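Structure, as structure tokens:
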Amino acid sequence: MERVLVTGGCGRLGRAVVAELVAADYPVTVVDRVPRPDWLPDSIPQIQLDSRDVGQVAGALRGCDAVINLGAIPRPWLHPDEVVFTNNTSATFAVLQAAALLGIKRVAHASSASAYGTPYSPQHSHARYVPVDEDHPLVNSDPYGLSKEVDERTAEMFCRREGMSIACLRFHWVSEREEQLAAAERCRTSPDLDHELRNLWSYIDIRDAARACRLAIEAAKEKPYGFAPLNIVAADTLSEVPTEELIRRHAPDIEIRSALPGHRGNFAIDRAEKIIGWRPLHSWRDPE
């Protein structure tokens with residue numbers, strides 16, 4: 001089997017991605033700047049390094065065939081603005097540069113629905129239309145969303161220059177079932193309309209997010225696809241109110257471009273199915 005390098009593999013999503021790859025019999029190498037976690041099996045090598053250093057990353061990449069790039073500061077308020085932006089963008093460039101130097105053509109990169117500019121904007125902001133597709137404008141006012149937008153432009157450049165296939169997976173609130181149930185209850189009993197409109201009542205189960213990472217590198221082997229920004233979002237919302245009613249009641253200025261029957265999610269996810277064969281398998285509405 002081909003060996004896969006997972007940057008940021010000791011993080012929350014990294015743990016799920018490593019489990020997904022191991023279940024599919026992939027040899028895995030984990031790189032992260034943090035010490036080796038207790039949950040990581042002894043059979044999986046971890047290299048502790050700074051993913052902003054091309055040389056260190058290239059050394060870790062030797063013998064690997066594909067990369068899943070998860071290493072980033074995950075939210076804007078954990079560090080000063082300049083640290084969030086420069087860390088995320090320099091790490092992405094370094095990982096892609098190292099892969100290019102070694103002739104590795106397949107990368108799954110953790111982008112974010114924050115690239116659209118709405119979740120962390122200092123002013124209230126929401127989508128211009130639903131379902132939000134990958135062509136929706138990116139209008140950022142915060143360092144984290146901007147870093148994701150720049151990361152995607154960086155990925156596009158490497159695809160153009162090196163003939164790489166890079167799936168920029170626009171995850172939306174990666175979460176586990178217990179968190180989803182709690183969020184759905186908050187939506188029902190104590191709605192925060194500013195937060196919910198920014199995020200369009202959306203989420204993605206961590207298992208579906210991890211599977212998208214695996215499918216992205218597998219699909220590129222079967223049929224190279226170049227630069228591919230893809231929404232990786234659940235097929236439904238966190239609300240018990242029908243989706244179109246939510247939009248018309250709380251944000252009538254949002255254009256509804258196609259029907260959203262029942263509790264269908266506000267993000268278009270058909271491109272991910274077309275390009276990498278992914279669709280969400282999990283919902284907070286699933287029976288226990």
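The values are calculated or read from the model by the stated rules, or taken from the named source; none is laboratory data. In this text the structure is predicted, and so the values were computed from the model without any measurement. Backbone-built Cβ (ideal geometry, glycine too); neighbour counts: all protein chains shown. What goes into the accessible areas is simple: the full protein's heavy atoms, side chains included, and nothing from ligands, DNA or RNA. Shrake-Rupley method; radii C 1.70, N 1.55, O 1.52, S 1.80 Å.
Ordered from highest to lowest accessible area with the whole protein assembly present and a 1.4 Å probe, His126, His263 read as His263, His126. Note that the range 187-200 has calculated 3J(HN,Hα) couplings of 4, 7, 9, 9, x, 10, 5, 4, 4, 5, 5, 4, 9, 6 Hz, one per residue in order, obtained from phi through the Karplus relation 6.51 cos²θ - 1.76 cosθ + 1.60 (θ = phi - 60°); glycine and proline are x. FRET efficiency for the Glu179 to Gln97 pair, using the beta carbon distance and R₀ = 30 Å, is estimated at 0.30.
Roughly what % antiparallel, to the nearest 5, for the DSSP beta bridges in the range 155-288? Mind dumping the intermediate values first?
Values: 1 of 9 bridges.
Looking only at bridges with both residues in the range 155-288, the antiparallel portion is about 10 percent.
Full extension of the chain segment joining Asp194 with Gln123 gains 24.6 nm, where the gain is 0.36 nm per residue of separation less the Cα-Cα distance. With a simple spin-label model that places each label point 7 Å from the Cα along the Cα-to-Cβ direction, the separation between Ala251 and Asp135 comes to 2.0 nm.
Given that compact globular proteins tend to follow 2.2 N^0.38 Å, what is the ratio of the alpha-carbon Rg of the range 1-77 to that value? Before the final figure, lay out each step's value.
Working: Rg = 11.7 Å, N = 77, 2.2 N^0.38 = 11.5 Å.
Rg over 2.2 N^0.38 Å, computed on Cα atoms: 1.02.
Please compute the volume of the convex hull spanned by the alpha-carbon atoms of the chain and report it per residue in Å³. Walk me through the numbers on the way to the answer.
Values: hull volume 37.5 nm³, N = 288.
It comes to 130 Å³ per residue, whole-number rounded.
Remark: spin-label model distance Val22-Glu82 equals 4.1 nm, labels positioned 7 Å along the Cα→Cβ axis.
What the phi angles of the range 30-40 give under the Karplus curve with 6.51, -1.76 and 1.60, with θ = phi - 60°, is a coupling list of 9, 10, 6, 8, 8, x, 4, x, 5, 6, 6 Hz, glycine and proline written as x. Taken one residue at a time, the phi angles of the range 236-250 give Karplus couplings (6.51, -1.76, 1.60, θ = phi - 60°) of 10, 9, 8, 9, 7, 7, x, 4, 5, 5, 4, 5, 5, 6, 10 Hz. Gly and Pro are set to x. Surface exposure of the chain, expressed per residue as accessible area with a 1.4 Å probe, stands at 44 Å². Here's how it looks for Ile47: its modeled amide H is under 5 Å from those of Val30, Val31, Asp32, which are all 5 or more places away or on a different chain.
Ignoring ligands, DNA and RNA, please state the percent of accessible area on the chain from carbon and sulfur, probe 1.4 Å. Don't skip to the end; give the middle numbers.
Working: 6460 of 12660 Å².
The computed percentage sits at 51.
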